[in-house]
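Read the structure below first, then the notes.
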Number of protein chains: 2
Amino acid sequence: MDDESAAPAVILFAHGARDPRWAEPFLRVAERVRAAAPDLAVELAYLEHLEPCLDEAARRLASRGAKAIRVVPLFLGRGGHLRVEVPRLVAAAGAGLPGIAIELALPAGDDDAVIEALAEFCLRAARR
Amino acid sequence: MDDESAAPAVILFAHGARDPRWAEPFLRVAERVRAAAPDLAVELAYLEHLEPCLDEAARRLASRGAKAIRVVPLFLGRGGHLRVEVPRLVAAAGAGLPGIAIELALPAGDDDAVIEALAEFCLRAARR
């Protein structure tokens, strides 16, 4: 995040699904991020089915004064969604908000600590 | 896992996608689980697009002597796939393998340590 930014901002971006209960773990993640970083403006957004979409979340952050927004994909696998659709959506959101830098971060599945936490979860689940 | 089981066994179950590179983080998880628990028979299986399916993975474990198999969903959100399709697939796999207990564990998105790891990942990604 740019140190000169008045209001660091992040969009936690998840896939989405028809069943709104699908979002529960992502709401929990967002809640923890907000609690740990009260200075960070946090929006949760979805690729499909659930609201808000990426564009709407970016506009909300812009209206709260964000000048630099980082999009953090809460995706594990990196297939067509992350390789093709998400960069396109990020570019479109940026084009619609001149003067605001919108940047795509690496996805959760690329993060070594997330992989380690998933492996430990599997070991616990196997032994239970 | 049943203590009387000769060969504890686990299926790490992921969604799958058309692009085979999608599976990379899940392969990393499986590799770490195998390294941490050499006595545990581990198969990775997919709901869609990628091979093996759940049924095939269960048959592989049975042929290696597993008597009790735990299916661990590497899903974050819990929508229709996890609520409807996966229990049905687990039941069908069990019906096809008499004498072998196949049990569905809670998904990764229900695990508090996984949620915490995702929140920490988001905070790192936001500050980078």
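The values are calculated or read from the model by the stated rules, or taken from the named source; none is laboratory data. Since we're looking at a predicted model, the values are computed, not measured. A quick note on method: Cβ atoms are made from the backbone with ideal geometry, for glycine too, and the neighbour counts reach across all protein chains shown.
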Which of (1) part of a helix (DSSP H, G or I); (2) of a type outside the set (Phe, Trp, Tyr); (3) in contact with a helix residue (DSSP H, G or I) (Cβ under 7 Å, 6 or more places away or on another chain) is the odd one out, the single condition residue A:35 does not satisfy? (3)
Tell me whether the range B:56-65 contains one or more residues that are among the acidic types (Asp, Glu), under 12 Å from the mean Cα position of the chain (by Cα) and outside any loop (DSSP other than H, G, I, E, B). no
Name the single residue that is surrounded by the most Cβ atoms within 10 Å (Cβ to Cβ) among those in the range A:107-120 being of a type outside the set (Asp, Glu) and under 14 Å from residue B:120 (Cβ atoms). A:118
Could you say which residue among B:47, B:123, B:76 is within 10 Å of another protein chain (Cβ to nearest Cβ) and either in contact with a strand residue (DSSP E or B) (Cβ under 8 Å, 6 or more places away or on another chain) or crowded, with 19+ Cβ neighbours inside 10 Å (or both)? B:76
Given the conditions (1) within 26 Å of residue B:116 (Cβ to Cβ); (2) at pLDDT 95 or above; (3) over 15 Å from the mean Cα position of the chain (by Cα), report the number of the one that residue A:86 does not fulfil. (3)
In the range B:86-128, the residues that are among the basic types (Lys, Arg) and in a helix (DSSP H, G or I): B:88, B:124, B:127
